[in-house]
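Reading through the C-alpha cells given below for one structure.
Just so it is clear, none of the values below were taken in a lab; they were calculated from the coordinates. Everything quoted here is computed from the prediction, not taken from an experiment. Virtual Cβ from ideal backbone geometry, glycine too; neighbours counted across all protein chains shown.
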C-alpha cells in the first residue's frame, strides 16, 4: 500500500506520521510536497501543524492548495483520507467534512494526553477497532473545538459519522465531546487527537497504531 503524507509550509507532524507508516507499519510511504501531489496513491494523510502559518485561520489557505483538489478526487474514488489536527481543519475548510473547528473554550493551546472512546468501526480508520473501545492519545491544538448546530450533530450521530469522543474530561469544550468525524462513505476521517504520537510505548502509548492498521484493513476489503 502506498500512502502519501502531504506536506504544506508549516506542517510539523509530517515526519512523525511518515516514520510510523514507513518504519512501524512497513508501508510504502512518501512525503509529498503539496503542489507535487497526485492521485496515484492508495491513501493520503494530511498531518498536523500550522499549514501556511495558520494565517487567516487554521487550514483555510491549504484548502485552496493544488493538493486539496487531488484529495477531493481521491475521496470521491473511495480511497482512505485522514486529516489529523490541522489536517482535520483543512478537510472542513475544503468542504469534505461538515461543521467548524473553533478556538478552545479556554482560549489557550492545549497539549495533553486524553481518553477517547471509538463510536463507530465503520470507517477507514476505525474498522480494526470495536465500537466502544477506549483509547488514549495526545492532543495539541488551539483551534480544535468541534462545533455544529444541533441538527447537524443529531444527523452525524444517527448516521454513525461520529468517530470518536472524549471520555471524562472535555479539555477543549468541543460539542458533545466529539473529536473525530467521517464523511457519509466512511473513507474520509478528520480527528484532533494525534495517533502518530501514540504508536510507541516509549512515547506513552500505542493505541494510535490501530488507526493505521484500520487503513490497511479497509484497503483489503
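Which value in nm describes the separation of the simple spin-label points at residue 160 and residue 15, placed 7 Å from the Cα toward the beta carbon?
So the two model labels end up 4.0 nm from each other.
How far apart, in nm, are two points set 7 Å out from the Cα along the Cα-to-Cβ line at residue 57 and at residue 128?
For the pair residue 57/residue 128, the computed spacing is 3.5 nm.
Tell me what the chain gives for mean residue ellipticity at 222 nm when only DSSP H runs of n ≥ 4 count, each as -39,500 (n - 2.57), the sum divided by the residue total, rounded to 500 deg cm²/dmol.
-6000 deg cm²/dmol
Most mobile of 145, 15, 155 per a Gaussian network model of the chain (Cα springs, under 10 Å)?
Result for the chain, Cα springs under 10 Å: 155 fluctuates most.
How much length is gained on full extension from residue 76 to residue 117, taking 0.36 nm per residue of separation minus their Cα-Cα distance?
So the extension gain works out to 12.0 nm.
Quote the relative contact order of the chain in percent (integer), defining contacts as alpha-carbon pairs under 8 Å separated by 6+ residues.
Result for the chain is 20 percent.
Taking 0.36 nm per intervening residue step and subtracting the Cα-Cα distance, what contour gain separates residue 184 from residue 202 on full extension?
2.9 nm
Would you list 167, 118 from fewest to most Cβ contacts within 10 Å?
The most exposed by this proxy come first: 167, 118.
What is the list of residues in region 1-42 whose amide nitrogen lies under 11 Å from a point 7 angstrom out from the Cα of residue 221, following Cα to Cβ?
Backbone N within reach: none found.
Using a Gaussian network for the chain with springs between C-alpha atoms less than 10 Å apart, which of these wobbles most: 50, 88, 125?
Looking only at 50, 88, 125, the largest GNM fluctuation is found for 50.
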